[in-house]
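One structure is given below, encoded as C-alpha cells.
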Amino acid sequence: MGHIRLGQLPRSRKWRDVVELIAAGADVPQVANATINAADSAFSFVNNDSGYNQAVWLMTQLGLAAGQEKPLDYLRSQGINIPDNTSLPGVAVALTEALDHHSAANGGHSDLGELAQRALVDAVIQRMEPKLRQQSLFNMQANDTQQALAEFRKPNEFGHLSREFYSRLTNECMNYFLSQTLATNLGAGQRFPTTNQMAQFEQALSTHCREASAIVEQFSNEWFSKHRYEEKGNISRESVQGFASWALKKMKDELKAGAKADGQ
C-alpha cells in the first residue's frame, strides 16, 4: 500500500516570503495568509483527496444517523462499527478504523488524509465529551451513545462539529507546512529565543484558525438543513463533495481576508 505524500513546498518566492515574515516577527494572520498563498496548489489538492472527502462524508453520516430509528445500525452500514456498549475512546477507534479501511481500499493514506482523519476524530471527541460527563466515558451503554450522537442531528450542532473539524484541519495543515521553518527560527538571536515563545506562536495560530472557522459554522448549519430536507433525509456523496470543496474555499478566503483586516 503506497503512502502518498503532499510533497515539499517549492523553493518559490512565495515560500521565501513566508520564511522572511517569520524571521521578521510578522503577526499570525500575515504568516497564515502567506502560507496559504505559498501552499495554494497543495491546499487545492485537498479537494481531490480521497481521505479528506471520506472524513467529510463520515461527518455528515453522524448527523444523518441521529434521525434514523437505529442510529448505530445506520452508522455500521456506513462502515463505522460502534459497539452497543462502548466508550468515548471506542467511538474514536471506530471512526479511525472506518477511515483506515477506506484508505486501504483506495491506495493508502495521503498525508492530507491522515490530517483529516485526526481532525475528525478529535472534533467528534470534543463535541461528544461534554454530553457524556454525567456518564462514564469508559463504560457507555448503547442508549448513552445514541443520546450523544442524537445531538448531531440538529443543524446548529452539525455546524459546531463542522467548525471544530475545519478549525483543527486548517491548523494541522498550517503546522504541516510551517513546522520545519519554525524550528529553524528557534534559539538565541532567532524569532523564537525559547521553545515557550514558539509554543505561544503555535497557540496563536491555532486560535486564528479557530476564529476563521466561524465562517464555516453558519454555512454548515444552512447546508445540512437544506440538503437533508431536499434529499429526503439522505445526502448524496456528490452533495457532500460539493460541501467539502466549498467549506475549504471559505476557510482559505477567510484566512486571507483576516490578514488584510489585520493590516488595516
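The values are calculated or read from the model by the stated rules, or taken from the named source; none is laboratory data. In this text the structure is predicted, and so the values were computed from the model without any measurement. Note that each Cβ is placed from the backbone with ideal geometry, even for glycine, and that neighbours are counted across all protein chains shown. Remember, those area values only see protein heavy atoms, side chains included, never the ligands or the DNA or RNA. Shrake-Rupley method; radii C 1.70, N 1.55, O 1.52, S 1.80 Å.
Just to check your reading of the model, which residue among SER236, SER179 is closer than 18 Å to VAL31 by Cα and out of contact with any helix residue (DSSP H, G or I) (no Cβ under 7 Å at 6 or more places or on another chain)?
Result of the check over SER236, SER179: SER179.
What's the number of the only condition in (1) over 23 Å from TYR52 (Cα atoms); (2) buried (at least 17 other Cβ atoms within 10 Å of the Cβ) that GLN203 fails to meet?
If we test GLN203 against (1) over 23 Å from TYR52 (Cα atoms); (2) buried (at least 17 other Cβ atoms within 10 Å of the Cβ), just (2) comes out false.
Out of GLY7, GLY2, which single residue is surrounded by fewer than 12 Cβ atoms within 10 Å (Cβ to Cβ), closer than 19 Å to THR170 by Cα and at pLDDT below 90?
The conditions single out GLY7.
Assess whether VAL31 counts as being β-branched (Val, Ile, Thr), under 21 Å from the mean Cα position of the chain (by Cα) and not in a loop (DSSP other than H, G, I, E, B).
For VAL31, the condition - β-branched (Val, Ile, Thr), under 21 Å from the mean Cα position of the chain (by Cα) and not in a loop (DSSP other than H, G, I, E, B) - is met.
Exactly one of (1) over 21 Å from GLU172 (Cβ atoms); (2) part of a helix (DSSP H, G or I); (3) in contact with a Lys or Arg (Cβ under 6 Å, 6 or more places away or on another chain); (4) not β-branched (Val, Ile, Thr) is unmet by ASP122. Its number?
(1)
What is the residue count in the range 148-190 for residues that are small (Gly, Ala, Ser), buried (at least 19 other Cβ atoms within 10 Å of the Cβ) and closer than 23 Å to PRO89 by Cβ?
So the count comes out to 3.
Residue-wise test of (1) at pLDDT below 90; (2) in contact with a Ser or Thr (Cβ under 7 Å, 6 or more places away or on another chain).
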{"position": "LEU75", "(1), (2)": "no, no"}
{"position": "GLN78", "(1), (2)": "no, no"}
{"position": "ALA119", "(1), (2)": "no, no"}
{"position": "ARG127", "(1), (2)": "no, no"}
{"position": "PHE138", "(1), (2)": "yes, yes"}
{"position": "GLU151", "(1), (2)": "yes, no"}
{"position": "PHE165", "(1), (2)": "no, no"}
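Do the conditions hold for GLY51, that is, is it surrounded by fewer than 20 Cβ atoms within 10 Å (Cβ to Cβ) and either out of contact with any helix residue (DSSP H, G or I) (no Cβ under 9 Å at 6 or more places or on another chain) or touching a residue at least 12 places away in the same chain (Cβ under 8 Å) (or both)?
Spelling it out, it is not the case that GLY51 is surrounded by fewer than 20 Cβ atoms within 10 Å (Cβ to Cβ) and either out of contact with any helix residue (DSSP H, G or I) (no Cβ under 9 Å at 6 or more places or on another chain) or touching a residue at least 12 places away in the same chain (Cβ under 8 Å) (or both).
Output the residue which, of all residues in the range 219-246 that are open to solvent by 40 Å² or more (accessible area, probe 1.4 Å) and hydroxyl-bearing (Ser, Thr, Tyr), is nearest to TYR74 (Cα to Cα).
Top of the filtered list is SER236.
Mind checking which pairs have a first residue in the range 118-136 that is acidic (Asp, Glu) and a second that is at pLDDT 80 or above and open to solvent by less than 60 Å² (accessible area, probe 1.4 Å), Cβ under 7 Å, 6 or more apart or different chains?
Close Cβ pairs (under 7 Å, with a partner that is at pLDDT 80 or above and open to solvent by less than 60 Å² (accessible area, probe 1.4 Å)) amount to GLU129/LEU88.
Which one of these does THR145 not meet: (1) touching a residue at least 60 places away in the same chain (Cβ under 8 Å); (2) polar (S, T, N, Q); (3) under 24 Å from VAL240 (Cβ atoms); (4) in contact with a helix residue (DSSP H, G or I) (Cβ under 6 Å, 6 or more places away or on another chain)?
Here THR145 meets the rest and fails (4).
Quick grid of which residues meet (1) in contact (Cβ under 8 Å) with a residue 40 or more places away in the chain; (2) part of a helix (DSSP H, G or I); (3) crowded, with 18+ Cβ neighbours inside 10 Å:
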| site | (1), (2), (3) |
| --- | --- |
| GLU69 | no, no, no |
| ARG76 | no, yes, no |
| PRO83 | no, no, no |
| ALA94 | no, yes, yes |
| LEU99 | yes, yes, yes |
| SER103 | yes, yes, yes |
| GLY107 | yes, no, no |
| LEU112 | yes, yes, yes |
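Quick one: in the range 206-218, of everything that is open to solvent by 40 Å² or more (accessible area, probe 1.4 Å) and not basic (Lys, Arg), which residue is nearest to CYS173 (Cα to Cα)?
THR207
Identify the single condition in (1) in contact (Cβ under 8 Å) with a residue 24 or more places away in the chain; (2) under 17 Å from the mean Cα position of the chain (by Cα) that GLN203 does not satisfy, given that it satisfies every other one.
(1)
Could you look through the range 10-43, keep only residues that are at pLDDT below 80 and over 15 Å from TYR176 (Cα atoms), and pick out the one that is most open to solvent (accessible area, probe 1.4 Å)?
ARG11
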